[in-house]
1. For the structure I just gave you, tell me whether LYS88 is charged (D, E, K, R), in contact with a helix residue (DSSP H, G or I) (Cβ under 6 Å, 6 or more places away or on another chain) and farther than 30 Å from TYR246 by Cβ.
2. Find the residue count for region 343-352, including only residues that are touching a residue at least 12 places away in the same chain (Cβ under 8 Å), surrounded by fewer than 18 Cβ atoms within 10 Å (Cβ to Cβ) and part of a helix (DSSP H, G or I).
3. In region 183-246, which helices (runs of 4 or more DSSP H) lie fully inside it and hold 3 or more residues that are among the aromatic types (Phe, Trp, Tyr)?
4. Collect the residues in region 226-256 that are over 30 Å from ARG45 (Cβ atoms) and crowded, with 17+ Cβ neighbours inside 10 Å, keeping them in residue-number order.
5. Under 30 Å from PHE91 (Cβ atoms), modelled with pLDDT of 90 or more and in a helix (DSSP H, G or I): is that true of ILE155 in this structure?
6. If only one of LYS294, LYS279 is in contact with a helix residue (DSSP H, G or I) (Cβ under 7 Å, 6 or more places away or on another chain), part of a helix (DSSP H, G or I) and among the basic types (Lys, Arg), which one is it?
7. Identify the residue in region 113-127 that is closer than 18 Å to SER100 by Cα and among the aromatic types (Phe, Trp, Tyr) and, among all such residues, is surrounded by the most Cβ atoms within 10 Å (Cβ to Cβ).
8. Within the bounds of region 280-293, is there any residue that is hydroxyl-bearing (Ser, Thr, Tyr), on the phi < 0 side of the Ramachandran plot and surrounded by fewer than 20 Cβ atoms within 10 Å (Cβ to Cβ)?
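The values are calculated or read from the model by the stated rules, or taken from the named source; none is laboratory data. Quick caveat, the model's predicted, so the values are computed rather than measured. As a convention, Cβ positions derive from the backbone with ideal geometry for all residues, glycine included, and neighbour counts pool all protein chains shown.
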Amino acid sequence: MTSNIRKHYIDNLRWIILLILIPYHTAMAWNTWGEANYVFFEANRLISSIVVFFSPFFMPLIFVLSGISTKFALQKRTKKQYLVERVKRLFIPFLFGTLSLMPIMTYIADKFNCSYHGSFLQHYVVFFTKYTDLTGADGGFSLGQFWFILYLLIISIVCVEIITLSKKFVSKTEATIPFWLVCVLGLPLPFLNELLSIGGKSLVEYTYLFMLGYYVFADERIISTVQKNSRWLFGIGLEATILNVYFFIWIKKESVLLNFITKYISEWIMIIALIGLGKKHLNFNGKISNYMNKRSFLFYIYHFIWVVLCQYILYGFIGNKTFVLFMTTMLLSYLATFVCCEISIKIPILCFLTGTKYNARK
């Protein structure tokens, strides 16, 4: 059972989550687990905790929200219209980001991590010819944050075909699933995590989450039940999230099993809880939400390059004064990203390249 009324809480949840990306990606420069990064300073447990706190659930939630949005999009568009829109909205920005922004980020990474001395134009060739771990930290080819756009494009195409086929063979039903079953739908996630996984990002897991968004969380009756139970779910999810940080970052003795359990409880329960809390508290629109909704995708496209640029430049001026560098990078990255969004949204060609609707009156 669905409604054609716009679900503002979906849009608001999306842009709020995307704002987390700047502190998240800034903190990666101090990660304690040895993950390669475009700029790396030194291990810091407190700052690393930011990454571990949000990592179980914030990108999985985006895929669930995308599945919900697809449900409502297909009520207003044909399959062909939906796929054409996906190509314009996702494939073109994917090419734009990979060809123009990622070479800059990997050039900085090569200079900072590997003492590269060549010019940017020389390194542009390196970017397309050096294939290593795909992180880009050594100057080699990388998709960076644009992995998400590529995944979402592939998943959208695959899932719309599955949805179309299912309508032919499965009769329409008004039945809804009970709340307890919603809670256990997260059980397959640990087993899907390694399937078609590139850099720890499983195409199968995110497809599953997208489909749950479409078939489960687009049902208003389920969302109503989730909303009623959102507070205690959030309590459980928050506790699991904090324990996950503790077991992964702070405990001296490895607790692999406990870390594994808390991570996946955090992922699924926080997804359900945040959707319920979003429906309860974020189902509105106004000047701020309208402003952010129009710029959230631009924010995603531009944010990471500013994090890397700010860290690289600031380090040259103030050195590794950890918390000053962390806070200053965040503040300048937010400012520069929003300035970039404002410029981009007013230029037709940049709107086209970033999958943004151009409107002379923004």
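1. no
2. 1
3. Per the criteria, 203-215.
4. Scanning region 226-256 gives VAL226, GLN227, SER230.
5. Criteria met by ILE155.
6. Criteria check complete, one pass: LYS279.
7. The qualifying residue surrounded by the most Cβ atoms within 10 Å (Cβ to Cβ) is PHE127.
8. yes
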